[in-house]
Structures are given as structure tokens and as C-alpha cells.
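Only one structure is covered here, and it is reproduced in the block below.
The values are calculated or read from the model by the stated rules, or taken from the named source; none is laboratory data. All figures in this text were calculated on a predicted structure; none of them were measured in a lab. Every residue, glycine among them, receives a Cβ derived from its backbone with ideal geometry; neighbour counts consider all protein chains shown.
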């Protein structure tokens, strides 16, 4: 017998860029094709205004192809660094080199800058920061030896996933959150018992990669008191946001982020990140230069033919040149790092259609970067979700060019809202409920291509959707011009909060109906954090710059709206218990050998519906394993939707064993009433959802 040797998990080989601690010093490397001179600046302290050492890289000795590299024996972990570069500028080729401009390493693993969230001491509105203590510096980090003991790869199947979208800061900053360290990764750990009780499987975090929340301060206008709260303006793609950590000036944010991920995993909760590879914090021409513009402007960004303007498909001033081979490698290196080293479980890509655009901005049939992300060996097991549109009008929901990617289903959001408003047809509603086969029923695809949601960070919260007819974004100081004007919302006769009991009851019912619709639909449900207990943004549908009570989750609402929370928790548990609601294949609607089809649609009389008219609909889901595509059987389900203004009596389908249907879920205040022989009829309220179950008797074995 061969002797068994003790082995330990291997460490993935680092990418050839960044600052790497090696024996006898630190090795630095950075890409630039068009720079003619490069300097490395080292600092002893985060707020130093002048470097302790500066090295000019010799093109003959310190350049290999487009890779500039330098080994510094005296450098050590805990120091800080930036670069300077010189090269062509101010010409038609689009280069923007400035030898006095400090440049942050795009591969920096941690960034030192503001110690606390909202700290703007010394920053002058309108000031361009080229150097000095206010400029963010990369931190030289060595392997921290983080103990991942007890970590496990969860890989929750898409059909079993319940995604919960939240902001690290917004979820825990309010005093009512009771967090010991408000607005931080550690505060999220405090909320794990709550997330477990709710039934969440997957926490989707708004951007946590380093961004500058004080960017609006530089506008030198009425908006300079506002902050970039959402974080969709990335500064350093490898670095976890330091202001979400309790300590951050020596790279502690990396450890604190890992602690959060490990704690979530131990609790059985995945962590996926909202990532922004479509634009950067540098903005348009004349904006702040932090790194990419001064390193190689023509490589990293899409430029107009004159070289003096950026193509702006993002609405944010610049567009990342994601299908350039260099930018493509950068994106893949970054994603792999977050999976291998930070142990995250997936990504949601903001304005992902940008990644489908070629270097001239045209949409590609087979975009290389999208295919590479889909096929990358490291990323094969993680969730990848596209926001399949961009600000230039491209809309690829149902046509995003990859089988591997799931999609935020914006059509689901709009059609389900419109259905309960009475403006979407029964056929449209049924199509969305079935996982949007009109969009996704193709070879190799399943209903889990569709990430279904009623509300997300961008737009009205669920409570505001039933409380406001119009957006109220005045606090953004843009004269209420920003934000979507098409919200498909209804205030039930009064704009905003009201003490009127009738209106409050109608609003609560509508929220329950929308939540029930979400969790009874085929596909992957996503819940906006706080919607389960009626969180409000006071009518704002674009709270990207509101670092205050508008955006913060007020946990007092959990106490005030406990019944809504309890209803949501039961809905999530009901879904988890019923494989018929988590199918991995589309319905066929066809019966076999006289059996029931996998789904049968009915009108109140029990007949086939008239899809073009009416306000009520029911469907029977067959729970046999061969019908749901699962290893185990499920109950048969009968789901009734009545969006009309009058109660309706529904004829219930007979079961082969003559056993009656049982009430499982209802959005009504009191249970619906059974009547008729063997409880064959059911009267449901106006504006309600009701779910019945029929348990199949197991055959005894002889």
C-alpha cells in the first residue's frame, strides 16, 4: 500500500498584475501600451502627501511588451503606492497622459482613502484631485492567512434560490437596525438570524467594490451635499469598499469582508455581488482621473472618432471597452479573484448589455467577454445574472447572447404590476407566471433563466408602489426629472401615507397579492430587502444619492407590519416545500394517456379561459414527479387569482381519489368559503390570491 501524504488546499496562482509580496520585497506590475514613462511612488502612511520613495521604471529593463514591472527589495506589506505615467496627450488618438497625475493601480486589492463613510474633510467642491493625501492609494497586502475553516461551497440550485437584494450600508445604517457597527460588513453578520428565519438562500449586495461616495461634492452646485449611496461608480474593482469596514487604513476591509462571507456560508446563505463593468468612477471628459484614463485611455474606454469624447451608452459619461482583449482579461481576472479569494457565489452585472457591444459600440451576435464569463472554468459553478439592457436603448431581455446567463426579467416586473392594475391580459399574466416561455423556452433553457422581481433598488419599493401614483425625487435636486416615469403604481385614492383604514387595507392586500404572485411564479424570485415589512422610500424611485432615512431600511416597520412579514415568510416556506413551484423545465400543458396535464388553466366555471378578457384565472399544477421533473412527488396545487372588484365563486376540479382540496395560502383577511358537494366550490374575495393543495396518497408496498 502506498503511503498517504497529508495535503492541503492549493492556492490559485495570482494574476501577473498588481503588487505581490515575494521573498525579499514586493513585485509590482502594471499594464500600459502607450505610456512612454512610468513612475512608482511608495508611501509610509495613508495620508502622506509626498512619497517616501519614488522609482522611475526603465523601459529597457522594466518593460516586457505592454507590462511594466519592478521588484523593490525595500518595499513591505502595509505600505501604500500609486503610479505616475507620461505619454501622448491632447491629440486625435484619444490619449490622456499627465505626468503629474497620481494613478491608482487597477489591480489594487485594497484602497486607503477616507476613514469613515461621508468623510470629506479637506475636499473642496469642484476640486480636481491629482495628488496629495486625499487621493486614494493602493495598499500593499500579503496573504492574510484567513482561516476559511467551516466554509462550504453552497451552490444553491437556481430553482431553489430565493435572492434578497440589499445594500451593506442601507440595510444596517438606521438606528432601528440595532447594529453594533452600523453600515458595515459586520452589521450584516448581525442580520443573519433574521435572513435565516425569512428563508433567504442568496444575499445579493449592491456594489461593494471600492467607489467614491463623495463624487457629487465636486459638482460645486446644489447637489454637492449628496452622496453616491448605491455605489454604481467603481473606483477599484478588486478592492472591497473600505468605508463598509470598521477599520480600513491597512487593508482590514479585506478580512472583514471575508468574515462576512464566511458567516453567511456557515448559515447556509450565498453572497452574490452587483458588479459594474460598464463604466467607471472617472466619468466623462473633464471628470476625475483615478487610473484607467491616465493608464491607457484608448484601451479601457470606447471613444468617438475624434478621440476627444467618450461613447456614452451608460448614461454615466464613459463606457468600458469590455470586448477589447486587455479589458476582457481585466474583467475575467477580477471575477476569478472574487470567487477564488473572497469566496463569493456569483454576480449580477449592471447594464450587462454593454458587454455585448463591440469596440465600436455595435451589438455583437457572440460577444467574446460574455462567452468567456460563461465558459470560464473558475466561474462555471457560480450564479451569473444579467441586467440585459443599457442606457442607450438596447434591451436584450429574452435575447441576451448566452445560454449560461440568467436575466433580470424586466418584462415580468412590468407585466405583473400591470396585471394587478387591470391593464395586462390574462394570457400575458399566465405567460409570466409560467417562467416567461415566450422569452426563454428554447433548447437547453429552463424557467430559471428568468430572475423574477416586483421591485428592486432602482424604482419604487413595494410599499411605495401601492402608495404613490407619481415619483417624488425632489431630494435629488434635479427638479424631479430623474427616475422612471412609468412605474405602474397606484395610490388607492391618496398620494403617500394615510391613516384611512380602508386605503391602508387595500394597500396591504395589493402588496400581499404581488408577493404571492412572485413566489408562485416559475423562475428565480428576487425580493427587495425590506419589502417584506413595507419599507418606504417616501415616493423616491431613484434614491441613488440619498444616504439618509429615504434609503435606509427602517426596522421599526417590521414591528408595525408584522403581518406582512409573517405572510412573506410563510410564502417563502411554502415555495420551498413544493417542487411544483420550482420546476427545471417549462410546462407542456399536454395530457398523457388520459392523465391530467402538468398545468391546466380554468376560468371560474372550470372551463378553458377566454384569454382576451376577464379578471380571474385559476390553474391546476400536477404534483407527480413525471410532471414536475423532480425525483419526488408533490401535492397538486390549485391557484386562484381574482383581480376583479367583486367576489367570485370558482368550481374546483375533482380529484381522482375524491379527496377534497385544502386551503394553504390566501391573501384574504379571512379564509375563503367552501361550498357544494364535497367542497366542490370556493368563493374568493375581490383582489385576492388563494392556493389550495391536494395531497396524493402514497401507494402501500406489498
Practice item. Only residues that are without any contact (Cβ under 8 Å) to a residue 60 or more places away in the chain and under 16 Å from the mean Cα position of the chain (by Cα): list them for segment 340-370, please. Key: 353
Review point. Can residue 602 be described as at pLDDT 95 or above, surrounded by 20 or more Cβ atoms within 10 Å (Cβ to Cβ) and more than 17 Å from residue 685 (Cβ to Cβ)?
Key: yes
Check your understanding: What about residue 408, is it out of contact with any helix residue (DSSP H, G or I) (no Cβ under 8 Å at 6 or more places or on another chain), buried (at least 18 other Cβ atoms within 10 Å of the Cβ) and within 28 Å of residue 490 (Cα to Cα)?
Key -> yes
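Residue-by-condition table, conditions (1) modelled with pLDDT under 90; (2) closer than 12 Å to residue 83 by Cα:
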residue: 3; (1), (2): yes, no
residue: 12; (1), (2): yes, no
residue: 38; (1), (2): no, yes
residue: 44; (1), (2): no, no
residue: 49; (1), (2): no, no
Point to revise | Members of segment 271-286 found to be out of contact with any helix residue (DSSP H, G or I) (no Cβ under 7 Å at 6 or more places or on another chain) and either part of a strand (DSSP E or B) or surrounded by fewer than 23 Cβ atoms within 10 Å (Cβ to Cβ) (or both), listed by number | key: 272, 274, 275, 283, 284, 285, 286
Review point. Among (1) under 25 Å from residue 431 (Cβ atoms); (2) part of a loop (DSSP other than H, G, I, E, B); (3) touching a helix residue (DSSP H, G or I) at 6+ places or on another chain (Cβ under 8 Å), which single condition is residue 554 missing?
Key: (1)
Check your understanding: Which one of 94, 118 is surrounded by fewer than 19 Cβ atoms within 10 Å (Cβ to Cβ) and either touching a residue at least 40 places away in the same chain (Cβ under 8 Å) or not in a loop (DSSP other than H, G, I, E, B) (or both)?
Key -> 118
Check your understanding: Within segment 559-566, can one find any residue that is farther than 30 Å from residue 617 by Cα and more than 22 Å from the chain's Cα centre (by Cα)?
Key -> yes
Exercise for review: Inspect segment 463-479 for any residue being under 30 Å from residue 219 (Cβ atoms) and without any contact (Cβ under 8 Å) to a residue 40 or more places away in the chain and give the result as yes or no.
Suggested key: yes
Point to revise | Filtered residues of segment 66-94 (kept if in contact with a helix residue (DSSP H, G or I) (Cβ under 8 Å, 6 or more places away or on another chain) and at pLDDT below 95) | key: 93, 94
**Study point:** Test result for residue 401, in contact with a helix residue (DSSP H, G or I) (Cβ under 9 Å, 6 or more places away or on another chain) and in a loop (DSSP other than H, G, I, E, B)
**Key:** yes
Point to revise | Of the criteria (1) surrounded by 19 or more Cβ atoms within 10 Å (Cβ to Cβ); (2) assigned to a loop (DSSP other than H, G, I, E, B), which one residue 256 fails | key: (2)
Revision key, fill the gap. Taking segment 177-213 and keeping only residues that are part of a helix (DSSP H, G or I) and either crowded, with 23+ Cβ neighbours inside 10 Å or in the same structural domain as residue 120 (by TED's automatic domain parsing) (or both), one is left with 185, 188
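Hand me the list of strands (runs of 3 or more DSSP E) wholly inside segment 574-686 holding 2 or more residues that are touching a helix residue (DSSP H, G or I) at 6+ places or on another chain (Cβ under 9 Å) and touching a residue at least 24 places away in the same chain (Cβ under 8 Å).
Ranges flagged: 599-602, 616-621, 636-642, 662-666.
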Practice item. Among residues belonging to segment 232-248 that are over 17 Å from the mean Cα position of the chain (by Cα) and either surrounded by fewer than 21 Cβ atoms within 10 Å (Cβ to Cβ) or more than 24 Å from residue 190 (Cα to Cα) (or both), point out the one that is modelled with the lowest pLDDT. Key: 247
Study note, to complete from the structure: Per the list (1) assigned to a loop (DSSP other than H, G, I, E, B); (2) within 23 Å of residue 338 (Cα to Cα), residue check on residue 223 breaks on (2)
Review point. How many of the residues in segment 356-391 are buried (at least 18 other Cβ atoms within 10 Å of the Cβ) and either part of a loop (DSSP other than H, G, I, E, B) or touching a strand residue (DSSP E or B) at 6+ places or on another chain (Cβ under 7 Å) (or both)?
Key: 14
Point to revise | Residue that is outside any strand (DSSP E or B) and either within 30 Å of residue 577 (Cβ to Cβ) or touching a residue at least 40 places away in the same chain (Cβ under 8 Å) (or both), where the choices are 82, 128 | key: 128
Check your understanding: Which of the residues spanning segment 97-114 are assigned to a loop (DSSP other than H, G, I, E, B) and either in contact with a helix residue (DSSP H, G or I) (Cβ under 8 Å, 6 or more places away or on another chain) or free of Cβ contacts under 8 Å to residues at least 24 places away in the same chain (or both)?
Key -> 106, 107, 109, 110, 113, 114
Review point. Hey, among the residues in segment 675-698 that are farther than 26 Å from residue 502 by Cα and in contact with a strand residue (DSSP E or B) (Cβ under 6 Å, 6 or more places away or on another chain), which one's surrounded by the fewest Cβ atoms within 10 Å (Cβ to Cβ)?
Key: 675
Review point. Identify, please: which residue in segment 47-79 is under 20 Å from residue 130 (Cβ atoms) and in contact (Cβ under 8 Å) with a residue 60 or more places away in the chain and is, among those, surrounded by the fewest Cβ atoms within 10 Å (Cβ to Cβ)?
Key: 49
Review point. (1) in a loop (DSSP other than H, G, I, E, B); (2) farther than 23 Å from residue 255 by Cα; (3) assigned by TED's automatic domain parsing to the domain that holds residue 566: which one isn't true of residue 164, the others all being true?
Key: (1)
